[in-house]
Structure formats: structure tokens, C-alpha cells
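For reference, the structure discussed in these notes is given below.
The values are calculated or read from the model by the stated rules, or taken from the named source; none is laboratory data. For clarity, every value in this text was computed on a predicted model and none was experimentally measured. Ideal geometry is used to build each Cβ from the backbone, glycine not excepted, and the neighbour counts take in all protein chains shown.
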Amino acid sequence: MNHKKVFSSQLLESRIGTLTIEGPMSYEALLPLSLHEGLKAFRPAEQQYDALLKISQFPEGRILVARLDQLIVGYVTILYPDPLERWSEAKMEELIELGAIEVISDVRGAGVGKALVRQAMSDDAMEDFIVITTEYYWHWDLKNTGLTVWDYRKMMEKMMNAGGLIEYTTDDPEIASHPANCLMARIGSRVSQQSIDAFDRIRFYNRYHNS
């Protein structure tokens, strides 16, 4: 599989200053940067920074960041699905996951998340992939945003729609455990019908394996 990474960059105005949206970031490009301490939704910021460095070294790993000078205030990760998740069971080279997206509260409302997703998906290499993301309400920052589960879900949908990801149905138990959870995906223009069929089978794993 061709994992060629084409770097691109753009500027975005926010209330804390002009942000640089750029990536995919190499390990070397990430080293001089630091992660804002508010980026701790998935793990403490220091550990998350180490995770970003690790992902950047994977052949398929893509890290895009929003930074204020040398400080990362938002990021998105793309890599192969976790081996423990159903999405890896198909062993599809064409299936990758938008695994995490996080933006500090100070720049929310500036379109940073949309810009990160849009830029990540604008790379021509993405036309060779099915990019998925799994949205679970228990990962959402409902407390600090003051949004309801459904308002937050609507916000996440709009963010992913900016990159061409749309909702797909699935019988995955975790997603089915709450109506706000969802699977979203973008199928690249060069993805084969064979791969699309394999994606359908993994989306409805229980139907195909219990019949």
C-alpha cells in the first residue's frame, strides 16, 4: 500500500492568535513542539504527546496539528485500527481510522476541528483509503462545553462532514449501546468494489458471522 505523505499548511485566525494548520507531521517536525496541557481528553498531555510521536513513525500514521507558534493546540490522528477492534479483523490495508481529534477549549468555535479534518482528507493519498471514525458520547467534553449529547453529536457530524465523512450503519455493539454513538466514513474514489464489500461485511460482522 502506498503511504506517501504530502505535507501542506494553512493559516487560521482564532481568538488566541493566528494558528498554523499543518501536516502530516514527521517525527522530526513534532520534536520541537509541545502539547498544550489542556489536550488531555484521552490521556495526560505529556503521554498524548508521546503517542503522537509514536504514531508519526508508523508507515500509515498521520498527525495533523493546529499550533500557535511552537505550542500544539489541536491535533488529529490517522492510523490503522486498534488490533483489538473489529475494524482490524478484516485485515484491510485500505481501511484506516481517524482515531482521535482534540482541540483546546480556548479555540473552539474558530473552525479548528473542521480545518484539521478537511486538510487531512484533502491529501490525494486518501482516495486510496476507506477512512473511518467511531464516535462515542463518553469521549465528548459535555461538561466544559455545556452542550447536550445531541448537540455535541451534531457538532461532531458537521466536523467530520467537512472532510467528506458521512454516517454508516453498523451492528458494532459499542456503537449500538447508545443512539448518539455512530460510525462515520469516507470512501476514497480509487477504493475497489471488493474493498467496499469487505467494509460492508465488517460493518455487519454479526450478520455475516452468525447466519
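Worth a mention:
- From the options Glu93, Glu102, residue that is buried (at least 20 other Cβ atoms within 10 Å of the Cβ) and among the charged types (D, E, K, R): Glu102
- Inter-residue pairs, beta-carbon under 7 Å, first under 12 Å from Asn161 (Cα atoms) and in the range 112-134, second among the basic types (Lys, Arg), 6+ apart: Met121/Arg186
- Candidate set: the range 52-79, residues that are assigned to a loop (DSSP other than H, G, I, E, B) and touching a helix residue (DSSP H, G or I) at 6+ places or on another chain (Cβ under 7 Å); chosen: the one farthest from Val112 (Cα to Cα): Gln57
- Matching residues, the range 5-35, being modelled with pLDDT under 95, under 18 Å from the mean Cα position of the chain (by Cα) and assigned to a loop (DSSP other than H, G, I, E, B): Lys5, Val6, Phe7
- Hits in the range 61-81 (condition: more than 13 Å from the chain's Cα centre (by Cα) and either among the charged types (D, E, K, R) or surrounded by 19 or more Cβ atoms within 10 Å (Cβ to Cβ) (or both)): Ala66, Arg67, Asp69, Ile72, Val73
- Where a residue in the range 162-178 is more than 22 Å from Met121 (Cβ to Cβ) and part of a loop (DSSP other than H, G, I, E, B) and its partner, wherever it lies, is modelled with pLDDT of 95 or more and among the aliphatic types (A, V, I, L, M), with Cβ under 7 Å and at least six apart: Asp172/Leu183
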